[in-house]
Amino acid sequence: MLDSKIPAGPLDQKWTDYKGHCKLVNPANKRKLEVIVVGTGLAGASAAASLGELGYQVKAFCFQDSPRRAHSIAAQGGINAAKNYQNDGDSVFRLFYDTIKGGDYRAREANVHRLAEVSVNIIDQCVAQGVPFAREYGGLLNNRSFGGTQVKRTFYAAGQTGQQLLIGAYQALERQVALGKVKMYTRHEMLDVVVIDGKARGIICRNLITGELERHFGHAVLLCTGGYGNVFYLSTNAMGSNVTAAWKAHKKGAYFANPCFTQIHPTCIPVSGDHQSKLTLMSESLRNDGRIWVPAKLGDKRAANDIPEEERDYFLERRYPAFGNLVPRDVASRAAKERCDAGYGVGTTGQAVYLDFKFNLINKYGKAEANKLGIQNPDTATLIRLGKEVVKEEYGNLFDMYEKITGENPYEVPMRIYPAVHYTMGGLWVDYELMTSVKGLYALGEANFSDHGANRLGASALMQGLADGYFVIPYTIGNYLADEIATKPIPTEHPAFAEAEQKVADRINTLLSIKGNQTVESFHKRLGRIMWEQCGMARSEQGLKKAIEDIRQLKKEFWSDVRIPGQVNEMNPELDKAGRVADFIELGELMCLDALDRKESCGGHFREESQTEEGEALRDDQQYAYVAAWGYQSDSQWQLNKEPLLFDVAKPSQRSYK
Amino acid sequence: MQHYNMNLTLKVWRQKNAADKGHFETYPVKNISSEMSFLEMIDVLNEQLIKEGKEPIAFDHDCREGICGMCSMYINGRPHGPWQHNTTCQLHMRAYQDGDTIVVEPWRANAFPVVKDLMVDRSAFDRIIQAGGYISVNTGNAVDANATPIEKDKADDAFAAAACIGCGACVAACKNSSAMLFVGAKVSHLALLPQGSPERKSRAVNMVAQMDKEGFGACTNTGACEAVCPKGISIENIARLNREYMMAGLTEDK
């Protein structure tokens, strides 16, 4: 029933063969075909720009005031590519293998191999656009390393790589806007997909300034709408990041795959109080130079700098000597949680560990600089001074951000960090062509499920977003649209558009008419607490069952007691938020259901019932080597479809980073 | 850091829509923690307003980590508030003391009309980018990324200019509402790189023309823009824009 359309042939030939044989649309016909792109992050902006360049008529939508503000902009550390510029043994195969292994053998081989193949083109394209990646003194590109790998393949622009890549894609997009190939709709939110005769043919969206509902036709619809980490309320996502577009597509027939696969990022600034609206990431790249530790003695309340070296427990280096501080995110997060749960956590709440730069500041950077300057036997103060300069160049903006939020200077005292929700590997189910289970409806970037399995490696999200938008969809969409060249644009007076718009209007009116007592925000916070406690870093059958009950109760309460101020026909941010939270509540239930179904542990999904003696995630490949693709049936009713995962090249084994 | 709680008085600009005249409203807020961000303090006020059956204050915000450029509050006469190199979302309440009065306005510039309350329309910036703020390279055109070495100093300067988040604080701070720092940053970013060289003349001319068309004012080198820029974009970029513009004018062959 689920056809993933993976091309036949050897793994490393599939994409080449596909490109050689897929259908093409000639330039004259491209001009007659309209494509809707929802979301303008890395995936959306790169797709809209590339399709515009090819000659399609593109309409792009975003809810922000400018496409440049999509949350890809906040990505910090870098983007992977198998360039092997460092001569350290990297290759397309290694990037493929690391990604499959890092994902704990729950991703599709063919998609991941394609991702590794096109990674090299992404870097070329971005440099040509003027993306100012970090360079060496010789003028060539520099690299750093990220978790779960033993090579340096990450390209970066200080701690602002996502910003620079997005600005590159945004400029390419604006160029197409100027050329009239892309029409841009800002402050618009997609609220439904219009499906006619089994094919996606358009969307209904709300103009967030006037409140009007609009109908837009497209021969195909691309959802590039990011992840759903905000279901946890507190996450590193932007305040506006939401699941609504993907959820509406799900309710129109698109399967939702592996919804419980969420990434808890190990290095975020800890929660400071109930007022907290979001959590801030401190890039994984910091683990290149920062060492993670807690006091070795229980109840040691001394300040970090007063605890001598031999009384510190560098628990990642202790447990995983081969990868040390650069183990994958799921492993690092669980290890931090384990120490904190055992009572070794630091800070006022005890829910934090130290990330300390002093050692490398002195020994790595300080000594190298002193050597360059010919300073013999430098004292520690000199080494620190010299080291600081280098660290500032590498991570300056992150250190500044940390200081603004916490009021502490991380050059002097170690950062305090704790895991936080960061990324969602799950998403809309797509086949090899990135098409969902609804014909003509595509999902790109974080919005789909395909490449990261149960755990994403650092610096791979940017890679996937741009791969999908620049180098995959321009080929695969042609294979579909080649059969649509005779389809005339469908007038938006068509009954399917009218019906979809009416449903959207009815739901908005229902929400506004409740006039209850509790704010949208308060419901979102309660949902977040349920999800974090029962469907966060550790999950159990009992907890998940309870969570499902609690969420159903919360849903009832929401629909009978939410209070939304303002009117329908005006800018109304509370109303926008209410619609998103209502969707998050439904998604939360499905996530718990999925987590309950998957009795194994894998990657970021840790079922307490399934662990090794050392407390590592224990997979069950016999029973769970599948993608769980959930089909929506009715309220709280889903049907589970399984896509078996076959590993022809990267044979599954117990992941080991020791 | 020592934590403390404070009571404050807020004077906030309220304006129903672009057509409305707008006015200040005064709100007391109580028990604000010094650990909150400025926007979290506004969240608290909004929750309070909703509970009282009033309309919450509309404001732009998204990433809340100082990079998306969406937040835009003019706080006590200064864009993004009192801290150096900072956005509103990263301003924390330890910048204030118990009993303080804080005045919050939207960006004020003809080219940035108010949408509602503290939200303004900054689409003029997108149109300036459309006029030439890019390198014309279609997907697939690129040569190997290391084929063109770029001097590290130049690459670093290009990056420093490209760090602009497009928030518009420079315009809000300028007595003439000039967008020269924004335009200068983009022209510099691309002019400093060899990839940007083929289009450098038309880029400078067209972007400046669009800036004028949008109704931004002229630059008198006062430097208020640089002083409030959350990303520390240097006013040198305006000098570079002027050079690029002049060279384009002197050597134009069309």
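Of the residues A:TYR402, B:TYR4, A:TYR624, the one with the largest accessible area comes first in the ranking B:TYR4, A:TYR624, A:TYR402, computed with a 1.4 Å probe on protein heavy atoms. From a point 7 Å beyond the Cα of A:TRP559 in the direction of its Cβ, which residues of segment A:626-652 have a backbone N at a distance under 16 Å? The answer is A:633-638. For segment A:183-257, what does the alpha-carbon gyration tensor say about shape, rounded, prolate or oblate, given a ≥ b ≥ c as the root eigenvalues, a/c under 1.5 as rounded, and a/b over b/c as prolate? In terms of gyration-tensor shape, oblate.
Per-residue Karplus couplings for segment A:141-154, computed as 6.51 cos²θ - 1.76 cosθ + 1.60 with θ equal to phi - 60°, are listed in order as 6, 9, 9, 10, 10, 10, x, x, 9, 10, 10, 9, 10, 9 Hz, Gly and Pro entered as x.
With every protein chain in place and a 1.4 angstrom probe, the accessible-area ranking of A:GLU53, B:GLU252, largest first, reads B:GLU252, A:GLU53.
Taking all protein chains as shown and a probe of 1.4 angstrom, A:LYS525 keeps an accessible surface of around 60 Å². Probing with 1.4 Å while keeping every protein chain in the model, the per residue accessible area of the protein assembly as shown equals 35 Å².
Solvent-accessible area assigned to carbon and sulfur over segment B:122-251 amounts to 52 percent, based on a 1.4 Å probe. Here the Karplus curve 6.51 cos²θ - 1.76 cosθ + 1.60, taken at θ = phi - 60°, turns the phi angles of segment A:218-233 into couplings of x, 5, 8, 10, 10, 9, 10, 9, x, x, 10, x, 5, 4, 8, 6 Hz, with x standing for Gly and Pro. Placing dummy labels 7 Å off each Cα toward the beta-carbon, the span from A:SER540 to B:MET247 is 6.8 nm. Rolling a 1.4 Å probe over the protein heavy atoms leaves A:MET425 with an accessible area of roughly 0 Å². Work out the FRET efficiency for B:LYS175 and A:LEU140 from their Cβ-Cβ distance, taking R0 = 56 Å, and round it to the nearest 0.05. That pair, B:LYS175 with A:LEU140, gives E of 0.80.
A simple spin-label model places pseudo-atoms 7 Å from Cα toward Cβ; at A:GLU412 and B:ASN31 they are separated by 3.3 nm. Label-to-label distance, A:LYS19 versus A:GLN376, with points set 7 angstrom from Cα along the beta-carbon direction: 5.8 nm. Give the carbon-plus-sulfur fraction of the accessible surface of segment A:227-268 in %, rounded to a whole number; probe 1.4 Å, heavy atoms of protein chains only. Carbon-and-sulfur percentage of accessible area, whole number: 53.
Note on B:VAL103/A:LYS658: beta-carbon distance plugged into 1/(1 + (r/R0)^6) with R0 of 56 Å gives a FRET efficiency of 0.45. The alpha carbon gyration tensor of segment B:80-157 gives principal lengths a ≥ b ≥ c with a/c of 1.5 or higher and a/b no greater than b/c, which makes the shape oblate.
If you plug the beta carbon distance of A:LYS251 and B:SER136 into 1/(1 + (r/R0)^6) with R0 = 51 Å, you get a FRET efficiency near 0.80.
At the residue level, B:TRP13 shows approximately 30 square angstrom of accessible surface with a 1.4 angstrom probe and all protein chains present.
Taking all protein chains together, A:TRP532, A:TRP429, A:TRP638 sort by accessible area into A:TRP532, A:TRP638, A:TRP429, largest first [probe 1.4 Å]. Rounded is the label for the protein assembly as shown, because a/c, from the alpha-carbon gyration tensor with a ≥ b ≥ c as root eigenvalues, stays below 1.5. Membrane-span-like helices in chain A, defined here as complete DSSP H runs extending at least 27 Å along the helix axis by their C-alpha atoms with mean Kyte-Doolittle hydropathy no lower than -1.0, are A:109-129, A:380-406, A:495-514, A:573-597; this is a sequence and geometry rule, not a statement about a membrane.
Here segment A:267-421 is described by how far its Cα atoms reach on the three principal axes: 50, 32, 30 Å, from widest to narrowest.
Gaussian network model of chain B, Cα springs within a sub-10 Å range: biggest mean-square fluctuation belongs to which of B:ALA209, B:ALA109, B:ALA224? Fluctuation is largest for B:ALA209.
The values are calculated or read from the model by the stated rules, or taken from the named source; none is laboratory data. Nothing here was measured: the structure is a model prediction, and the numbers come from that model. All Cβ positions, glycine included, derive from the backbone under ideal geometry; neighbour counts span all protein chains shown. With ligands, DNA and RNA removed, areas are computed over all heavy atoms of the protein, side chains included. Shrake-Rupley method; radii C 1.70, N 1.55, O 1.52, S 1.80 Å.
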